[in-house]
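The values are calculated or read from the model by the stated rules, or taken from the named source; none is laboratory data. Just so it is clear, the model here is predicted, and its values are computed rather than measured. Don't worry about glycine lacking a Cβ; one is built from the backbone with ideal geometry, like all the others, and counts go over all protein chains shown. When the accessible area is computed, the model is the full protein with side chains, heavy atoms only, and any ligands, DNA or RNA have been set aside. Shrake-Rupley method; radii C 1.70, N 1.55, O 1.52, S 1.80 Å.
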Amino acid sequence: MKTAAKLLTVTLGVFLVLTMVGCPKKCVTPTEPVPPPPPPEEISETPPAPPRVEFNLAPIYFDFDKSDIRPGDATILQGNYDQLKKAPYARVTIEGYCDPIGTAEYNMALGMRRAESAKAYLVKLGADMSMFSTISYGEEKLVTTDRTKYELNRRCEFKVSE
Amino acid sequence: MRVSRLAVSKLAVGVLAANYLLLTANFVLAQDQPPLTPAPAVEVPAEELWLKLTSSGGRKKLSLVIADFKSPPGTDAQTFARIRDIRSVLVADLKFSLHFTFEEPESGKAFSFSTDEKKLDYKGWGTTGAQILVCGDLVSKRSGPQIQLRLYDLDVNRLIATKAYGLSEQWRWLAHQMADEVIKLLTPDDGVSRTRIAFSRAVNRETKELCIVDYDGANMGQLTSSGGLKLFPDWAPSGAALAYCTYGSSTLDIHTYALGSGKSVLVSSRTGLNTTPAFSPDGRTVATSLGFEGNQEIYLMDPNGKNLRRLTNNKSIDISPSWSPNGRQITFVSDRTGQPQVYVMNVDGTDLRRLTFEGSYNTSPAWSPRGDLIAFVQRQPGGTNQICVTDINGDTYMRLTSGMNNEDPCWSPDGLHIAFASNRSGSFEIYTMDWTGANQRRVTNVNGAYSPAWSPRLSR
C-alpha cells in the first residue's frame, strides 16, 4: 500500500517534470501547489463542549455631565440583559467613560456613576448584582477627539469575562 | 505674615514689561492671552476683589538694579558664558518672584558704573533710581572658582550682605539658590526659585508617566516608566514623595512614589476608585476620595492608607480635596446640587458651606498656601474651562484665563503663582502665571502634560 503510494507519487512527479520540460514557453505552469493530503480524522470519545454564548453587549451613551439612562439606551440595556440572562455564570465589567469637555478629576467620578447607573438598571431588569463589577476611566480613553462626535466618548462599555 | 495682595497686583503689572524682554528659551509667552488685563469675572470688577482681599496697605516694593557679573581678565570663554548664564537665571528668578521692581542704567551708560568693592560708584548707581544694587564677581580660590555676590543699599550707600557661591556643574541650581537668598534677605518671604513641577505626561494613548521639570521649564525629566496611566500627582510636603493614582486589576489605586529610591508603594486599593490624594500641610494625613462604600466620598487616611476617617456622607460625588494651609479645613468638589460646585468644610466634616454659586460647573479647587484665596476651574458659557480665584468666603471671584481650556490649577509654595494645564497650543502643556493671571508662561513642550503639582521648596 505504502509502496504503491510512493510509486504513484514518483510517477506523477516524473510525469509533471516531463510535461513541463516538453512544454513550449507558452505553457502555463500551475500556480497553486498541490494540497497535501488531509490528516486522518481523529475520532474522539469526549462529548462536544457546551455551545458558547456569543455576547454582543452594546455600549450606551450619555448627555454631558449626566448619568441617567436615556430611553433609547434603556432599549440597548434591555438587549444586553436578554443576552446576560442566558449566561448567569458570566462576569461583566461595566466601564464608564467621559468626554474631555469637563475636568479630569470630576470626570473620573462621573464615569463611575455612569457605570453604576448602567449596573443599577440591569439589576432592576432582573440581573444578578453579583455578576457585575464597575470601573471608570474618566476622560482617559477617548474614542474620538472630534468635537462633533464627543457623545461617543460619554459611554459605558460592557466587557465579559467568564 | 499677611502680605497685601493689592500691592502685589500692582507690582505684577509693572513687572510685565521688563519680563517680556527677559524671556529665556524656556519661556514662551502665551500667544492668545492678554496678560495685562486679566478678564474680570462677570459680576466683580478686579479692583473690588483686590480691595476686599487687602485690609491693610501694601508693603512698598524694593527696586533693584543688577550689575553685569564681572570676571577677572583671562577668564576662559566657557566660564565667562557660564557666569552670564547664572546672572540671567538669577534675574529671571527675581523678576518671577514679584517682590521687586527693576531699574536699568540709562542707555549708553549701561553698566559702566564701577562695581569695584573698594571704590563702588554709589553716585552712578544711585542715578538709576534703584534702592538695591546686586553685584557678582568671579573670584579664584584654592577650592575652585566662586561667585561673590554683594548687595548694596543705594539709599544709605553701604554694603548689606555678601556671600560666596562655589561654581559647580549644577549652575542653574546655584543661581536659584542665590535668588532665594536675595529674596529671603530683602523681603519677609521665602522665594520659590528652587521648586519643581511634577505632572502627568501622555507618553502615548495608553500611557501616562510622572514627569518633573524646574518651575522655569529647565531640567525636564521622567520619573516613572512602568507603563499604565499615572494620574493626579500630589507632593508630600517633605518634597520626598508624590502620591498618585494608577489602575490595578479592577480598581483605580493610590500609590506613593519616593523620589530618592524611585520606588512606588501601594497605599489604597479599595473597591472602585481610590483617587485625588492630597497630603495635609504637615504630611501626616492624606485626604482622598474613595468609592468603596457606594459612591465617591471624602476620607482622611494615614499616608500608608490606614486609619480611615470618612468626612462626607451623601449620594453625590465628593472629590478633589485640597487643604487649607493651617490644616483645619478642606475645600472639595461635590455635585450634591446636581452640578459640580466647590465646597469648604472642617477637617472633621463639620461646618460645610458652598463656595461657588456662579456657573453650572466649578471644579478642581486649590487652596493657596497663603490661605486667602482658592483657585478653581469654572466652565464658561462659551464651553471652555477657565481658572478663577475666589476669596475664602466666596464673596468675590475673578477669572484669570481666557481662550482655550485652562485647567488643573495648583499653587506655588509662596501662594503668588499658579501652575495649570492649557491646550492653547493644541495639546495640553503646563503653564505658570501670577495669581492675578498676568505673565502666563509655557513650562513644558511634551505634547500632552496634565495635572501639575508644584513642589514645596526643595533642598535639591
The residue that is farthest from B:Pro237 (Cα to Cα), considering only those in segment B:251-297 that are among the basic types (Lys, Arg) and under 26 Å from the mean Cα position of the chain (by Cα), is B:Lys263
If you scan segment A:98-122, which residues turn out to be open to solvent by 40 Å² or more (accessible area, probe 1.4 Å) and away from every other protein chain (no Cβ under 12 Å)? A:Tyr121
Among the residues of segment B:110-126, the number that are modelled with pLDDT under 90 and open to solvent by 50 Å² or more (accessible area, probe 1.4 Å) is 6
Any residue at all in segment B:295-302 that's open to solvent by 20 Å² or more (accessible area, probe 1.4 Å) and among the acidic types (Asp, Glu)? yes
Identify all residues within segment B:259-294 that are modelled with pLDDT of 95 or more and touching a helix residue (DSSP H, G or I) at 6+ places or on another chain (Cβ under 9 Å); write none if there are none. B:Gly272, B:Leu273, B:Thr275, B:Thr276, B:Ser289, B:Gly291
Residues of segment B:361-399 that turn out to be within 14 Å of chain A (Cβ to nearest Cβ), in contact with a strand residue (DSSP E or B) (Cβ under 7 Å, 6 or more places away or on another chain) and among the hydroxyl-bearing types (Ser, Thr, Tyr), as a count: 3
Exactly one of A:Arg155, A:Arg147 is of a type in the set (Lys, Arg), within 30 Å of B:Pro381 (Cβ to Cβ) and open to solvent by less than 30 Å² (accessible area, probe 1.4 Å), and that residue is A:Arg155
For segment B:430-460, give me each residue that is within 14 Å of B:Ala198 (Cβ to Cβ), in a loop (DSSP other than H, G, I, E, B) and of a type in the set (A, V, I, L, M). B:Val443, B:Val446, B:Leu458
Kindly provide the set of residues from segment B:411-429 that are more than 14 Å from chain A (Cβ to nearest Cβ) and either part of a loop (DSSP other than H, G, I, E, B) or open to solvent by less than 10 Å² (accessible area, probe 1.4 Å) (or both), ordered by number. B:Ser412, B:Pro413, B:Asp414, B:Gly415, B:Leu416, B:His417, B:Ile418, B:Ala419, B:Arg424, B:Ser425, B:Glu429
Scanning segment B:127-151 residue by residue, the ones that are touching a strand residue (DSSP E or B) at 6+ places or on another chain (Cβ under 7 Å) and open to solvent by 10 Å² or more (accessible area, probe 1.4 Å) total 11
So, in segment B:213-231, of the ones that are aliphatic (A, V, I, L, M) and open to solvent by 20 Å² or more (accessible area, probe 1.4 Å), which residue ends up nearest to B:Ser289 (Cα to Cα)? B:Leu223
Being open to solvent by 30 Å² or more (accessible area, probe 1.4 Å) and away from chain A (no Cβ under 14 Å) is the filter here; which residues of segment B:232-255 pass it? B:Pro237, B:Ser238, B:Ala240, B:His255
Which ones in segment A:116-156 are of a type in the set (Val, Ile, Thr) and outside any helix (DSSP H, G or I)? A:Thr134, A:Ile135, A:Val143, A:Thr144, A:Thr145
Just for segment B:182-236: of the residues that are free of Cβ contacts under 8 Å to residues at least 24 places away in the same chain and of a type in the set (Asp, Glu), which one is nearest to A:Val143 (Cα to Cα)? B:Glu206
What tally of residues in segment B:322-341 results from selecting those that are closer than 22 Å to B:Pro369 by Cβ and open to solvent by 10 Å² or more (accessible area, probe 1.4 Å)? 7
Could you please find all residues in segment B:303-320 being at negative phi, at the interface with chain A (Cβ under 10 Å from one of its Cβ atoms) and crowded, with 23+ Cβ neighbours inside 10 Å? B:Ile317, B:Asp318, B:Ile319
